[in-house]
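Have a look at the structure below, then the notes.
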Number of protein chains: 4
Amino acid sequence: MNLALIGCGEVGRKRAQHLAGARLVHCIDLDRQRAEQLAALGSGCASGSDWSEPLGRADVDAVIVATPQDSHVQITRAAVAAAKHVLVEKPAARAAAELHGLAELAARHDVRVRVGFNLRYHRAFQQARRLVDSGALGELLFLRARYGHGGRPGYAREWRAQPQRSGGGELIDQGVHLIDLARWFLGEFVEVAGFTHTYFWDMPVEDNGFMLLKTAARQVAFMHASCTEWKNTFCWELYGRDGKLQVDGLGGSYGVERLTWYRMLPTMGPPETTIWEYPMPDNSWAAEMAEFIEDIREHREPAVGLRDAIAALDLVGRIYSACGHDHRP
Amino acid sequence: MNLALIGCGEVGRKRAQHLAGARLVHCIDLDRQRAEQLAALGSGCASGSDWSEPLGRADVDAVIVATPQDSHVQITRAAVAAAKHVLVEKPAARAAAELHGLAELAARHDVRVRVGFNLRYHRAFQQARRLVDSGALGELLFLRARYGHGGRPGYAREWRAQPQRSGGGELIDQGVHLIDLARWFLGEFVEVAGFTHTYFWDMPVEDNGFMLLKTAARQVAFMHASCTEWKNTFCWELYGRDGKLQVDGLGGSYGVERLTWYRMLPTMGPPETTIWEYPMPDNSWAAEMAEFIEDIREHREPAVGLRDAIAALDLVGRIYSACGHDHRP
Amino acid sequence: MNLALIGCGEVGRKRAQHLAGARLVHCIDLDRQRAEQLAALGSGCASGSDWSEPLGRADVDAVIVATPQDSHVQITRAAVAAAKHVLVEKPAARAAAELHGLAELAARHDVRVRVGFNLRYHRAFQQARRLVDSGALGELLFLRARYGHGGRPGYAREWRAQPQRSGGGELIDQGVHLIDLARWFLGEFVEVAGFTHTYFWDMPVEDNGFMLLKTAARQVAFMHASCTEWKNTFCWELYGRDGKLQVDGLGGSYGVERLTWYRMLPTMGPPETTIWEYPMPDNSWAAEMAEFIEDIREHREPAVGLRDAIAALDLVGRIYSACGHDHRP
Amino acid sequence: MNLALIGCGEVGRKRAQHLAGARLVHCIDLDRQRAEQLAALGSGCASGSDWSEPLGRADVDAVIVATPQDSHVQITRAAVAAAKHVLVEKPAARAAAELHGLAELAARHDVRVRVGFNLRYHRAFQQARRLVDSGALGELLFLRARYGHGGRPGYAREWRAQPQRSGGGELIDQGVHLIDLARWFLGEFVEVAGFTHTYFWDMPVEDNGFMLLKTAARQVAFMHASCTEWKNTFCWELYGRDGKLQVDGLGGSYGVERLTWYRMLPTMGPPETTIWEYPMPDNSWAAEMAEFIEDIREHREPAVGLRDAIAALDLVGRIYSACGHDHRP
C-alpha cells in the first residue's frame, strides 16, 4: 500500500511515524524543505511542494491530507476525483457546506474517505467502547467533557487564529473532537445550545466553546473546549443507569491516560471501581492507520467518515450562528 | 446569645454542634422525640413541636430555621415579626416570590436574616476568596463546577422529591449552592440557559440540572448538579487571566478538601502549582455561626442574606421555566 | 453459634458489630458499664467484669479475646481448658514464649484457636492473594511496606506505651501486622535485621520499628512501622519477576483502600496497570468472623492461628534483642 | 568560562545543554562521531577521542567528566594536575579508595572539584532544604527513600552491569544518590546495615540495594534502590518532630516532581498540608552548572565535592562488604 502525505507539519509527521505497514512514497508541503526532510527519513520517497503531483502518480493508492483546514476540501476532492483513497484530518473542512457532494463523488470513484477523529482510537476510548457495547453502563443518560490547553506565546498569530484558514477557533479545533466522541456514544443531537467567546487571546476567533447538546431522547452532552485551560486537561465522563465511565488524560502533557469504570451496586452506595492506566506510548495513530488500510483492502466504509465530519461541523456551525460568530468562508 | 433551633434533622443537628459560643435554649421538631433528644445533649434546653413557642420567649435572641424549604418562609417571617434574628438554611424558600417583602420586614424589625449558603465557609473557599481579592487570578473569565451524589435507595420517596415541599429537585437542592458560589465570585448573571431532567429516579422533580449562565461582561458559569453522580463529586474551577483556582472535595464522602492554585507565568507553559489540603474536620458550620453571631452583635448586614437567596432562586426559577418544569408552590 | 466477648474496647466493639450470624450472649470488661452498654445493644446478652463467667457457661461455644495483650494468654489458656474455641486478637501474647504449650492444649481439648491478624481479610489483600496464587506475579522477589499513624495527645500514657501490658511499642502493635502479611506471602524468615527506637513520644517503648528480614531464598521484607507517621499511611508493595502488587490505604483515616497490579510486558517499558478501589465500608471483620465460625463448624484448623502468632512474635523478639530493647514480661 | 566535556553519552549531552553561560570549546568521546555531533551543535567547538587534548589547552578553564566511572578518577586526576577545575559526575570513582589523595592534589593546584550529585538541585529538594533550614520540621528524626526503574531489554549487558567499569550495581548507580541526599540532611552515618542482591537481571552486580543507616544520634536512613522497580519511582520522606517533607517524582518517567509539607499541629490530628508541584522542565542541571561556575569565579569550595563522594562511596563499600559483594577494582 503506497501512501502520499500532503502536509508535513506536526500532525503530518505523526502520520508518517505510524504507517502501519504501508509505504510512504511522496511527501508534499508548501515548505519544500520540510517535505524533503520527512521524505529523507524513509527510502525511495519523493518530495515536493505541489500536491497535485502525487495525485498524478498511478502507484499512489491513498493520500493523507494533513494540511490546515482551508485546503482540506480542495485537496480531498481532487484526490477523490483522481481515484485515490483519502485519510483527511479532522475536521475535514471549515464548515459542513464545504463537504457538499463529496461523499457522492467518493462513491462514484469507489474510494474510501476516512476522517481523522483520532481520539476514538486511544486505548481508553477503545476499552470504553467495548464496555458500553457489552452493556456495562446500561442505558446511557448523559455525558460531560472538558478538553483544553493553555496556548503558547504567539498563539494568537498562528493559523488556527485565522478564521479564513481554520473556520473558527477552539470549538472547531478541539471542540470538534468532543462533539465526535459524543456522537459516537449518544448518537445524533437534535438540540443545540452553547456559547463561544474570546476571553484572553487577541484574535478574531473564540478561545472557549461551551456546549449543551441534546439527543431526541433528551440525553445531554455538556462539554467545554478551551485554550485558556491553564493546566492541560482532558476529562470525559459518560453516565449510564448502571454506572459511569471516565477517561482522564491522553498521555503526554495531558497526563497519563486512564479509564475508570464505576459500577453501581443494587445497594447504591460507593461504586465498585476498576481503573486501567495506559502509561505506554499512545498507539492511536497506528491503530487508526491500520483500520484505514483495512478499509481499503476490505472495500469497507470507514467507521469514521464524511458523514461524521458533516454532522460535527453542522453542530459547530449551529453553535456559531447562535452566538453571532460567523466563520463561514 | 440564646438560640432556638427549629428543625432537628441532619442539618439542624449539625447547627447544634457548632454554636460558636451561643447557647441553645429551645429545640423544635415536628417529631417531638427528635427535639427532646437533641435538647438533652445540652443543659437547660427546652423542646417541643410547636415552632411558635420559642418565638414567644423574650430570652431567645435568634432562631435557626433548619426545616424543609416549604416552611422556611412561614417560620422566618414569623420569627422576624417577633423581632428574632434568623439564620435560615438555603435556599430560604421554594421560589423567589415567596421571599417578597421579607427583607423590608426584617429591616422594620431591625433584625438580621442570614441565609445558610454554607459552602462559602469551607476553608478552601475562604482561601480562594482571599486569593481572588488579592488579585492572584487577575481579571476573572469564567468558571466551571460539578456537584453531586448518587442518591440512596428510597431517594425518590424523600421530601426532596416532593415539589410541594422542596420547590424542585437537584437544581434547587445542590445546584443552588453552585449558583451562590458563582454569584459570589462573578456577580450577577443576566442570561440564563440550562436544562433540567429526570433521568434515573422515579420522581416528579429533576435529578440533573445543567446550567450555562452569563454575566453582562460575558463571564460564564458552566455548572452541573446531579444526584445520579455515581461517585460523589465536588469540583469547582475558577479561571482568570493570570491563573486558575480549583476546589476539589468537601471532606467526608466528597473526598479530602483541597484548593489548587495554578499560576500562569509570562512564558506560558505549565503553571506554577501550589496545593493546600484540608484533611482536618470541616469548620464551615462553626465559622458561619460565628459570623452570624457577630452580625447580630455588630448590627451588621450579613454577608449572605435574603438578597442572595432571592437572586439564586430567581435564576433557578428561570431555568425551570425555560425547561417546562413548574415547581411553583 | 454462641459467642462471648471478653474485652469491650474499640476492637471488641468492632467484633460485636460483625458477628457473621453468630449470637453474642455474654460481654465482659473490667469496666462493668462498658460491658453492659455493649450487651444492651443485643438481646438476651449477659454482661459482667469476671471473664471466667462465660467460660463456665455450657451454652457458650466460642470466646473472643479482645483485651490488651498482657491478658491474652491467660484468658485464652483458660478458655481452651474450658473447651471453648477462641478468637484472640493479634498478637495473642506479649512474647512468643508465653504461647508455649498452648497449641498442644488446644489440640487436646479439640478446640480451634484463631489469631486476629485481620488485615489479611481486607478486600485488597484477598484479591492480592488470589492474583499471586494464580501466578500473576511469577516468582516472588521481595516486598516493602510502610504502616503508621501519628499518635494523639496522651499517647505516651496509654496502655500500648506500657511494656508490661503491651510487650513493646509500635513494632508489636502495628509492625506485627506487617510481619504477618510478609510471612503470608514470602514464608518463613531466617535472617532478621532491624532497629527500634523511641524518637518522639515520651514513653519506654519504641515509636518506630525498621525491619529487614530475609527468607532462606534471600527474599527480603523491608518494612517500617511508625507512630510518628504524621500522615496516616498504609502502603504495601510485593514484587515478582512478572510484576508488582501494591496495596494503598485501608479505608478510614488511612485513605481509600486500593490494589494496583503492575504487569510487566516482555518489551519491559511502562507496565500495564489495573487498579481496583474499594471505597465501600471495610468487610474484613465480618469476613474473618465468618471464617472462624466455619473453622468451628468444619472442624478445620484456622488459616491464621497460634503458629502464625508464635512465628511473628519470635521475629519481633529477635529484633528487640538485637536492638537492646527487652520487653519480656 | 571555557569548558571541555569528556564523555558525550546521555549525561554528557545533558551537561552540554545546560552550560549556564559558559562556552563549550571541546568535546571528547571514545566514539569520535558522537563527540563531533555534539560539538557541531555549538560553534567553534573542537572534538576528538583523546581526553588529554583539552587538558593541554591553555584556554580551557574547566572540564566536565561524564564518562563511566572506571575512568572518572584517572581523568579527574589528570585534569587537576593540569590545573583545570573539574565537575565530575557521581559517584566520581568506583570505590572510595580510588579518590585517595585527590582532594590534596586539587588544593595544591588550587582548582575546584565538584561532584555531580545532581538531585540536590531539583526544585523540590532546594525548597526542602530551605524549609528544613528555616526550622519548619524541628529536630530531624529519620528518613525513608525509594528510588528505582525497571531496566530495559539488554540492561544486563550494559556497562553498568560490569563491575570493573561501574564499581557495582544499583547501589552505586542510584543508591548513591539516596546516600548523598541522606547525608545532606542528616549528616554522617556511623552504623551501616543493608543487603544487596541480584534478583532478576542476569548480571554479576546487584539489582537491589536495601539500606539501614544510622547517625550517632540514632537518626535512621531507611532506603531502597532498585532496578526491578517495575513502575519508575522516586519517593523521599524526611521526618522531624514538627512535621514531614515528602518529595515525589523527579519529572519525566518518574512522574511530576512534587514537594509536600505536612505540618503537625499542637492538637496532633491530620497535619496541615501544603503541596508544591513543579511541572515545568527540570532546571537542576542548569542550577548545578551555574553554581560550579560561581565556585570557580568566587574561588569557593563547592557545596558538593570530593568529601561527599568519599563519604558516600565509603558507605557503599561497607554495605558491599557486609553482603559479600566485592566490586573493588
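Bear in mind that the values in this text are calculations on the coordinates, not laboratory data. Worth saying up front: this structure is predicted, and the values here are computed from it rather than measured. Cβ sites come from the backbone with ideal geometry, for glycine too, and all protein chains shown count toward neighbours.
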message: Can you compute the label reach from A:Ala58? Point 7 Å from Cα along the Cβ direction, backbone N cut-off under 18 Å, restricted to region A:80-114.
response: A:82-85
query: How many angstrom lie between the C-alpha centres of region A:284-326 and region A:5-45?
result: 22 Å
- prompt: If we count GluC sites (Glu not before Pro) as exposed when they sit in a DSSP loop and have at most 16 other beta carbons within 10 Å, what is the longest stretch of chain D that avoids them all?
  reply: D:1-138
message: Going by amide H atoms built from the backbone, whose H comes under 5 Å of the H on B:Gly116, apart from near neighbours?
response: B:Val88, B:Glu89, B:Lys90
statement: One would report the Cα pair-distance distribution of the protein assembly as shown, bin width 20 Å, in %, as 9, 31, 37, 20, 3, 0
- prompt: Sorted from shortest, what are the nm distances separating the label point of B:Gly48 from equivalent points in the other copies, each placed 7 Å from Cα along Cα to C-beta?
  reply: 5.0, 9.8, 10.4
- prompt: What is the calculated FRET efficiency for C:Arg130 to C:Ala83, with r their C-beta to C-beta distance and R₀ = 45 Å, to the nearest 0.05?
  reply: 0.80
field: Scattering curve values for region D:10-89, log₁₀ I(q)/I(0), Debye with Cα scatterers, q = 0.13, 0.14, 0.16 Å⁻¹
entry: -0.34, -0.40, -0.53
Relative contact order [Cα under 8 Å, 6+ residues apart], chain A, whole percent: 19 percent
statement: With x for Gly and Pro, the residue-by-residue ³J(HN,Hα) of region C:97-112, computed from phi through the Karplus equation 6.51 cos²θ - 1.76 cosθ + 1.60 at θ = phi - 60° and given in whole Hz, is 4, 4, 8, 4, x, 6, 4, 5, 4, 5, 5, 5, 8, 6, 10, 8
message: Restricting to bridges with both residues inside chain A, how much of the DSSP beta-bridge set is antiparallel, in percent to the nearest 5?
response: 60 percent
statement: Per the charge dipole of chain B (beta-carbon charges, Lys/Arg positive, Asp/Glu negative, Cα centre), the residue among B:Leu313, B:Val60, B:Ser43 reaching farthest to the positive end is B:Leu313
message: Angle check, please: helix B:284-297 long axis (alpha carbons) against the longest principal axis of chain B (alpha carbons), in degrees 0 to 90, nearest 10.
response: 60 degrees
query: What translational D, rounded to a whole number of µm²/s, comes out for chain B from Stokes-Einstein when the hydrodynamic radius is the Kirkwood one over Cα pairs, at 37 °C and 0.692 mPa s?
result: 160 µm²/s
Calculated FRET efficiency for the pair C:Glu104/C:Ala303, C-beta based, R₀ 22 Å, to 0.05: 0.65
message: Taking the alpha-carbon distance from A:Lys244 and a cut-off under 26 Å, which lysines remain once sequence neighbours fewer than 8 residues away in the same chain are dropped?
response: A:Lys214, A:Lys231, B:Lys231
- request: Go ahead and run the numbers for FRET between D:Glu272 and C:Glu294, Cβ-Cβ distance against an R0 of 56 Å, rounding to 0.05.
  value: 0.75
- prompt: Among bridges DSSP assigns within the protein assembly as shown, what percent are antiparallel (round to 5)?
  reply: 65 percent
field: Cβ neighbours within 10 Å from other chains - mean over A:222-233
entry: 5
query: Taking the Cα centre of region C:1-41 as origin and charging only Cβ (+1 Lys, Arg; -1 Asp, Glu), how large is the dipole, in debye to the nearest 20?
result: 120 debye
Cleavage-rule hits (trypsin sites (Lys or Arg not before Pro)) in region C:42-119: DSSP loop, at most 10 neighbouring Cβ within 10 angstrom: none
- prompt: Shortest first, in nm, what separates the label point of A:Ala83 from those of the same position in the other copies (7 Å along Cα→Cβ)?
  reply: 8.0, 9.7, 9.9
- request: Nearest to the axis that maps chain C onto chain A: list the chain C residue whose Cβ wins, with the distance in whole angstrom.
  value: C:Ile275, 2
- request: Give the distance, in whole Å, between the Cα centre of region A:179-199 and the Cα centre of region A:136-172.
  value: 11 Å
- prompt: Sorted from shortest, what are the nm distances separating the label point of A:Gln33 from equivalent points in the other copies, each placed 7 Å from Cα along Cα to C-beta?
  reply: 2.5, 8.7, 8.9
